[in-house]
Amino acid sequence: MYRIVIIMALCGPLMAGAQSHSRKIAAQSSPKKQTMDVSKITHENVRKAIAALQAGDKSWYSFFIDHPVMTDDGNTVDFTSFFGKALGHEKFLSIDKVENEGKAVYGNFKAGSWGTFKVFFKFHEGADGKFDRLDIGQAKY
């Protein structure tokens, strides 16, 4: 019994050091939160709006008129209600393609409990520079 106590006393600091080293390695190799690159989006206000969406920032709403038209897979939905649930929970995982002078964005999208799939966001800009319509849906490309 006396020998076990001595061995434990001698090995204890070595084991603690090994555990600490293992935690440091795990911390260094754990994935860091990455910010998706929105620089592919050439339309300035679309880029800023998508950046706000990615951050779950309510400034998202400031890029739109008060009651914009919105469709989801061709079905009219209430913009404010839709993003009241989605903002902060749903976002692009990648921007794969940008068209229509930067106002049509395609990419892989995490849609909360609906899963992850390819989508399009098509922004329609009004005369005042704010978006008056947003069409979103599943994309095939």
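The values are calculated or read from the model by the stated rules, or taken from the named source; none is laboratory data. Quantities reported herein were computed from a predicted structural model and do not represent experimental measurements. Cβ: placed from backbone, ideal geometry, glycine included. Neighbour counts: every protein chain shown. We work out accessible area using only protein heavy atoms, side chains counted, and drop any ligands, DNA or RNA first. Shrake-Rupley method; radii C 1.70, N 1.55, O 1.52, S 1.80 Å.
Tally the residues that are surrounded by 14 or more Cβ atoms within 10 Å (Cβ to Cβ) and small (Gly, Ala, Ser), restricting the search to the stretch 43-85.
Final tally of qualifying residues: 4.
Assuming ALA127 fulfils every condition listed in (1) surrounded by 13 or more Cβ atoms within 10 Å (Cβ to Cβ); (2) over 15 Å from the mean Cα position of the chain (by Cα); (3) of a type in the set (Gly, Ala, Ser) apart from one, which condition is it?
So ALA127 meets the others, but not (1).
For the stretch 59-76, what are the residues that are free of Cβ contacts under 8 Å to residues at least 24 places away in the same chain and more than 23 Å from the chain's Cα centre (by Cα)?
If the condition is that a residue be free of Cβ contacts under 8 Å to residues at least 24 places away in the same chain and more than 23 Å from the chain's Cα centre (by Cα), then ASP66, HIS67, ASN75, THR76 are the ones that fit.
Looking at the stretch 35-58 only, could you name the residues that are in contact with a helix residue (DSSP H, G or I) (Cβ under 7 Å, 6 or more places away or on another chain), in contact (Cβ under 8 Å) with a residue 60 or more places away in the chain and more than 15 Å from ASP96 (Cβ to Cβ)?
Across the stretch 35-58, the qualifying residues are ASN45, ALA49.
Restricting attention to the stretch 101-115, which residues are at negative phi and open to solvent by 80 Å² or more (accessible area, probe 1.4 Å)?
LYS110, SER113, TRP114
Sort out for me the strands (runs of 3 or more DSSP E) sitting completely within the stretch 39-112 that have 3 or more residues that are modelled with pLDDT of 95 or more, basic (Lys, Arg) and within 25 Å of ALA127 (Cα to Cα).
Because the criterion is at least 3 residues that are modelled with pLDDT of 95 or more, basic (Lys, Arg) and within 25 Å of ALA127 (Cα to Cα), no strands (runs of 3 or more DSSP E) in the stretch 39-112 meet it.
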